[in-house]
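The values are calculated or read from the model by the stated rules, or taken from the named source; none is laboratory data. Computed from a predicted structure; not experimentally measured. Here the Cβ positions follow ideal geometry from the backbone for every residue, glycine too, while neighbour counts run over all protein chains shown. Only protein heavy atoms, including side chains, enter the accessible area calculation; ligands, DNA and RNA are left aside. Shrake-Rupley method; radii C 1.70, N 1.55, O 1.52, S 1.80 Å.
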Amino acid sequence: EPAEELHITLAFCDAIPDGAASQVAVWLSQLADQLQPLRAVVGPELGTFAGEDGERILWAAVQCEGLDALRAAVVEALTAAGCTLSQLDYVPHVTLAYLGADFAADLLAEVPQIAVQLGTLSLAIGEGDPMNFPLASAPTT
């Protein structure tokens, strides 16, 4: 993915009721105003999972203190808004690439760890542009 689109998904909704997106957006905006940017490490673990049409999605693991608590708060808000959450296992990661179905996962190696700062909460619905909510004290670039 292009660098400006790299993200860590905290929750994936299978269904969003009418009106829930605006309710969740207000809540995320309020939450973002209360949070400081999080420091995370991407890598060294790489993995793949199945995507649509048999493609393989290449990801790098993410370690971040506070991410589990943030995810729990987001899941609670989405559930309270009536959203139906995906039942897939949650693995904090950054998607790096979409690969063909014939990609040989046994060729994966570890990558160097990279320290990053997480400074924005985003709400993405479908293929539209995400709504971004900068965390308190986060740069707006």
query: When you scan region 47-79, how many residues do you find that are under 12 Å from the mean Cα position of the chain (by Cα), over 24 Å from Tyr98 (Cα atoms) and open to solvent by less than 30 Å² (accessible area, probe 1.4 Å)?
result: 3
query: Does Glu5 satisfy the condition of being under 14 Å from the mean Cα position of the chain (by Cα) and open to solvent by 80 Å² or more (accessible area, probe 1.4 Å)?
result: yes
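Of the residues that sit in region 99-120 and are assigned to a loop (DSSP other than H, G, I, E, B) and at pLDDT 90 or above, which one is least open to solvent (accessible area, probe 1.4 Å)? Talk me through it step by step, then tell me what you get.
Taking region 99-120 and keeping what is assigned to a loop (DSSP other than H, G, I, E, B), we get 100-104, 108-113, 119.
From what's left, at pLDDT 90 or above: 112-113, 119.
On the way: Pro112: 103, Gln113: 118, Gly119: 15 Å².
Among those that are assigned to a loop (DSSP other than H, G, I, E, B) and at pLDDT 90 or above, it is Gly119.
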Tally, over region 32-58, of residues that are closer than 19 Å to Leu121 by Cβ and part of a loop (DSSP other than H, G, I, E, B): 3
- request: Give the residue, chosen from Leu88, Leu123, Leu96, that is touching a residue at least 24 places away in the same chain (Cβ under 8 Å), open to solvent by 70 Å² or more (accessible area, probe 1.4 Å) and within 19 Å of the chain's Cα centre (by Cα).
  value: Leu88
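If you check Ala61, Ala21, which single one turns out to be part of a strand (DSSP E or B) and either touching a Leu at 6+ places or on another chain (Cβ under 8 Å) or modelled with pLDDT under 90 (or both)?
Numbers: Ala21 fails: part of a strand (DSSP E or B).
That would be Ala61, the only listed residue that is part of a strand (DSSP E or B) and either touching a Leu at 6+ places or on another chain (Cβ under 8 Å) or modelled with pLDDT under 90 (or both).
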